[in-house]
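Since the structure comes first, as structure tokens, the remarks are kept for the end.
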Amino acid sequence: MPTKTNLTQEFELATKLAYQAGDIALKHQANLQNLEVSRKSQDNSPVSAADLEISDYLTTNLQQAFPEDIIISEESKKLESLFEQHKNSKHANQKTWFIDPIDGTKDFIKGQKDFSIMIGLCINNKPELGVVYQPRNNSLWRGLVSLNLCEEIYKNKQNSFQTKKLECSQRPCEAFKDRKSTRLNSTHQIISYA
């Protein structure tokens with residue numbers, strides 16, 4: 001079982017998958033006139049074929065790499081049962097991934113750039129890592145609690161990647177307290193909401 005000190009493989013895979021999921025999103029956004037969009041029965045919010053493809057892609061790849069982990073995607077067909085499995089797990093060092101394949105679907109289906117791919121990991125209900133990628137801006141934020149690492153990776157004017165270290169905090173943000181996800185918030189804190 002993994003411990004907090006050896007999550008480098010998870011961290012690097014989450015980063016790689018976020019970039020790959022961003023490519024899928026951009027492919028769909030370039031062809032919006034043919035993008036299928038439906039409504040979720042729970043809250044009538046939009047869900048696109050891109051959301052579903054990215055959800056499947058991320059879930060499949062994480063499950064192949066970490067078969068014992070629980071993976072909860074916003075677009076999971078068994079969302080409630082996955083939350084119950086996560087909540088009731090008695091397994092020591094239980095890892096649970098939280099995915100929002102496209103955070104900002106409304107903006108995404110309008111062709112706007114303000115959407116993100118979000119991947120987070122909790123161990124025993126505590127946030128351990130988070131990756132947020134905005135494909136249209138080519139900006140990625142990621143954090144790993146065990147290394148006290150928060151950073152932004154972006155393309156500079158010369159079109160090469162730059163990394164900027166950010167302040168890292170584990171203090172929860174009250175504004176998002178009711179959310180059921182793990183993410184980096186606007187001040188780049190890794191936060192968890194279960």
Failed criterion for residue 48 (all others in (1) more than 17 Å from residue 115 (Cβ to Cβ); (2) small (Gly, Ala, Ser); (3) touching a residue at least 60 places away in the same chain (Cβ under 8 Å) hold): (1)
Residues satisfying the stated conditions in the range 136-150, i.e. open to solvent by 10 Å² or more (accessible area, probe 1.4 Å) and not aliphatic (A, V, I, L, M): 136, 137, 138, 139, 141, 142, 146, 148
Restricting the range 21-51 to residues that are among the acidic types (Asp, Glu) and assigned to a helix (DSSP H, G or I), the residue that is most open to solvent (accessible area, probe 1.4 Å): 23
Strands (runs of 3 or more DSSP E) (entirely within the range 89-194) containing at least 2 residues that are within 23 Å of residue 66 (Cβ to Cβ), in contact with a helix residue (DSSP H, G or I) (Cβ under 9 Å, 6 or more places away or on another chain) and at pLDDT 90 or above: 95-103, 116-123, 126-134, 139-144
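The values are calculated or read from the model by the stated rules, or taken from the named source; none is laboratory data. Treat the numbers as computed from the prediction; the structure is a model and nothing was measured. Cβ atoms come from the backbone with ideal geometry, glycine included; neighbour counts cover every protein chain shown. Each accessible area value is taken on the protein alone, full model and side chains, heavy atoms only, with ligands, DNA and RNA left out. Shrake-Rupley method; radii C 1.70, N 1.55, O 1.52, S 1.80 Å.
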